[in-house]
Structures are given as C-alpha cells and as structure tokens.
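Asks: Quick one: the structure is below, questions incoming.
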Amino acid sequence: MSYEQLPKKIDPIKFVTLETSLSGTINLEDMTRLSACIEGGDPLVSADLKFYRSRQGFRIIEGSCRAQVNLLCQRCLEPTAVPLEAKIALVIVSDDERAKKLPKQYDALILQETPISLAEMVEEELLLCLPSVPRHSDEQCNASMSDYEDSEAVEVTKPNPFDVLSTLKKE
Ligand SMILES: [Zn+2]
C-alpha cells in the first residue's frame with residue numbers, strides 16, 4: 001500500500017469511467033468540520049477507494065478510511081486517542097429524488113458540481129463514526145484512581161492560619 005498524498009479535488013464521474021483506485025493519505029487539517037469536534041489527532045488520514053460502475057448501472061465509490069483522533073474522555077476530561085475507521089459505500093446521484101431510490105447498503109453522494117473535495121467526502125463518513133461518549137479504558141482513565149477523595153483529605157489537613165494565630169495570642 002502506498003502512502004502518497006491523495007489529490008485534494010477529484011472528479012468522481014471521470015474516476016468511475018476510468019475505474020480508478022486510490023490509496024493514500026489526506027490531511028486532517030483539510031477536514032475542518034471534523035477538526036472542530038476533536039482535540040487534534042494524527043495529521044494524516046488514510047483512505048482506500050475504488051470507483052466503478054456496478055452491474056445495475058450505479059456509479060459506485062467504495063472503500064474505507066482510517067484516522068486517529070484525540071477526544072476528551074467524558075469521565076476524566078483528559079484527551080484519549082480514539083481510532084476511527086469508516087466503510088465507504090457511496091453512489092453518485094444528481095439529486096435527492098434519485099438518492100431516495102438507492103439500495104439500502106449505499107449512501108448517496110449528491111453531486112451538484114465537479115470537482116469535489118476528497119477531504120470533505122471522507123470527512124462526512126468519519127463524522128458518522130465518532131463515538132458519542134468517548135472514554136478511556138478503566139486502566140487508563142485518570143478518574144478511576146479515586147483522586148477526588150485524596151485531594152479533599154489534603155485540603156482538610158492543611159494547617160489553619162487561625163490556629164497559629166490563637167497559639168500566638170496565648171503566649
Ligand atoms: Zn478518562
């Protein structure tokens with residue numbers, strides 16, 4: 001598998017005609033909507049895509065993409081690295097009406113203009129597989145070590161400045 005940078009803009013209709021296969025990386029920073037939902041991550045997203053026309057005549061984009069992103073653990077609010085992997089099964093259509101008639105296993109890519117941003121197309125699929133409640137595993141989570149009780153105990157045992165004052169008065 002090669003890890004070359006994939007083109008930023010693609011003409012998916014042309015790729016279907018040419019039966020193109022793409023395998024490589026996309027910059028995470030080009031995925032602005034995904035970047036807004038995460039605490040950074042691996043700067044490169046990898047994707048493998050095949051463009052072809054199915055026997056039923058659909059223009060298909062099929063493959064997968066993988067990213068490694070940091071999300072805030074909802075227990076301890078520290079970042080946790082989460083691998084994202086999305087399957088891609090798209091049919092290129094020209095409007096909503098056609099999109100509604102697709103077989104269930106496919107999502108629609110409604111194409112209004114070409115070229116399109118490859119990063120945005122892949123980003124859409126990654127957004128769908130973001131976990132709604134990201135969490136560390138129990139061993140890795142900072143909240144699992146009953147920190148709270150310990151820190152409270154420390155607070156209580158700190159010397160009270162008024163105690164010192166009352167001692168001075170006595171003397
Ligand atoms: Zn955690």
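Just so it is clear, none of the values below were taken in a lab; they were calculated from the coordinates. Everything quoted here is computed from the prediction, not taken from an experiment. Backbone-built Cβ (ideal geometry, glycine too); neighbour counts: all protein chains shown.
Asks: What is the spin-label model distance, in nm, from residue 39 to residue 81 if the labels are put 7 Å beyond Cα along the C-beta direction?
Replies: 1.4 nm
Asks: Filter the GluC sites (Glu not before Pro) in the range 16-96 to those in DSSP coil with at most 16 other Cβ atoms within 10 Å of their Cβ, and list the result.
Replies: Sparse-neighbourhood loop GluC sites (Glu not before Pro): 19, 39.
Asks: Identify, among 21, 6, 36, the residue whose Cα sits farthest towards the positive end of the charge dipole of the range 6-66, taking +1 on the Cβ of Lys and Arg and -1 on the Cβ of Asp and Glu, with the dipole about the Cα centre.
Replies: 21
Asks: Tell me which residues come under 5 Å, amide H to amide H, from residue 20 once H is placed; ignore anything under 5 positions away on its chain.
Replies: Placed amide hydrogens put 51 under 5 Å from residue 20.
Asks: Give me the compactness ratio for the range 16-80, meaning the Cα radius of gyration over 2.2 N^0.38 Å.
Replies: Here the answer is 1.51, to two decimals.
Asks: Taking H placed 1.01 Å from N in the peptide plane, check which residues at least 5 places from residue 93 or on another chain put their amide H under 5 Å from its amide H.
Replies: Under 5 Å from the amide H of residue 93: 109, 110, 111.
Asks: Is the shape of the range 9-145 best called rounded, prolate or oblate, per the rule: a/c under 1.5 gives rounded, else a/b larger than b/c gives prolate, else oblate, with a ≥ b ≥ c the square roots of the Cα gyration tensor eigenvalues?
Replies: Prolate, because a/c is 1.5 or more and a/b exceeds b/c.
Asks: Within the range 50-82, report the trypsin sites (Lys or Arg not before Pro) that DSSP leaves as loop and that have at most 10 other Cβ atoms within 10 Å. Walk me through the intermediate numbers first.
Replies: Numbers: sites: 50, 53, 55, 59, 66, 75; in loops: 55, 75.
Passing both the DSSP loop test and the Cβ count: 55.
Asks: Also: Any of 50/104; 9/50; 8/100 with alpha carbons more than 26 Å apart? Name them for me.
Replies: Long pairs (Cα-Cα over 26 Å): 8/100.
Asks: In whole Hz, what ³J(HN,Hα) sequence does the range 96-113 give by Karplus (6.51, -1.76, 1.60; θ = phi - 60°), x for Gly and Pro?
Replies: For the range 96-113, the Karplus-derived couplings read 4, 4, 5, 4, 5, 8, 6, x, 4, 6, 10, 9, 9, 10, 7, 9, 9, 8 Hz, x marking Gly and Pro.
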